[in-house]
1. Using the Cβ atoms and a cut-off under 15 Å, what net charge is assigned to the surroundings of Thr88, where Lys and Arg are +1 and Asp and Glu are -1?
2. Leu85 to Glu69: extension gain in nm, 0.36 nm per residue of separation minus the Cα-Cα distance?
3. Show which aspartates and glutamates lie in cross-link reach of Lys42 when reach means a straight Cα distance below 18 angstrom and same-chain residues fewer than eight apart are skipped.
4. Amide H of Ile93 versus every other amide H placed in the peptide plane: which residues, excluding those fewer than 5 positions away on the same chain, fall under 5 Å?
5. Specify the longest stretch of the chain that does not include any exposed loop site, a site being one of the chymotrypsin sites (Phe, Trp or Tyr not before Pro) with a non-H, G, I, E, B DSSP assignment and at most 13 other Cβ atoms within 10 Å.
6. Can you give the helix-only mean residue ellipticity at 222 nm for the chain, where every DSSP H stretch with n ≥ 4 adds -39500 (n - 2.57) and the sum goes over all residues, rounded to the nearest 500 deg cm²/dmol?
7. Give me the distance in nm between label points sitting 7 Å out from Cα along the Cα-to-Cβ direction at Phe92 and Ile122, one decimal.
8. May I ask you to compute the full-extension gain from Gln34 to Asn154, defined as 0.36 nm times their residue separation minus their alpha-carbon distance, rounded to one decimal in nm?
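Every number in this text was worked out from the coordinates using simple rules, so none of it is lab data. None of the values given here were measured: they were computed from a predicted structure. Don't worry about glycine lacking a Cβ; one is built from the backbone with ideal geometry, like all the others, and counts go over all protein chains shown.
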Amino acid sequence: MKIYTKTGDKGNTYGTIDELISWLGLLRSQELDQHDMNIILKIQDKLMFVSSHLSDEKKSLQNLPILNENDVELLENEIDRIDNLLPTLNSFIIPGGHQTIAYCHVTRNVCRRAERRLVPVIKERKELGITMKFLNRLSDYLFMLCRKIGKENNINEITWRPKL
């Protein structure tokens with residue numbers, strides 16, 4: 001397999017998805033429980049499919065799997081699992097307090113950027129539409145994971161209180 005395609009993705013989203021995969025790798029290299037590391041690895045695997053499809057403008061990888069509702073459900077189930085471990089949140093949280101939490105928040109923001117950058121691509125490549133839903137749930141999952149990491153490390157969440 002050649003490392004270059006000679007076409008690129010015209011600056012659309014391929015690089016942002018690759019960046020997200022890398023940030024998830026950094027997050028996975030932190031002190032997380034094995035379950036969370038396994039989930040993040042599954043997410044990275046799914047995003048590798050997305051990245052492959054985005055870079056394949058000739059659509060020569062059509063036999064390569066694409067995301068589906070089961071992938072979205074995996075994230076929704078994880079969100080629900082984590083939500084059951086945490087107190088109810090009634091305010092925005094100021095990111096930080098622990099290095100792993102900060103990495104997780106940055107990863108979440110890269111995910112949100114990837115989601116925004118995918119919008120124009122989806123207009124041309126409808127088959128990638130489920131990717132939008134997956135990225136949306138992934139940013140939610142990462143937010144919940146931030147909170148879980150905080151709880152596991154006894155890090156107090158700093159809630160944002162507007163000072164008017």
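1. Combined, the nearby Lys, Arg, Asp and Glu give 0.
2. 3.3 nm
3. Candidates past the 8-residue exclusion: Asp18, Glu19, Glu31, Asp33, Glu69, Asp71, Glu73, Glu76, Glu78, Asp80, Asp140.
4. Hits under the 5 Å cutoff: Trp160.
5. For chymotrypsin sites (Phe, Trp or Tyr not before Pro) (loop position, at most 13 other Cβ atoms within 10 Å), the longest site-free span of the chain is 5-91.
6. After summing the helix terms and dividing by the residues of the chain, the value is -21500 deg cm²/dmol.
7. For the pair Phe92/Ile122, the computed spacing is 2.3 nm.
8. 41.3 nm
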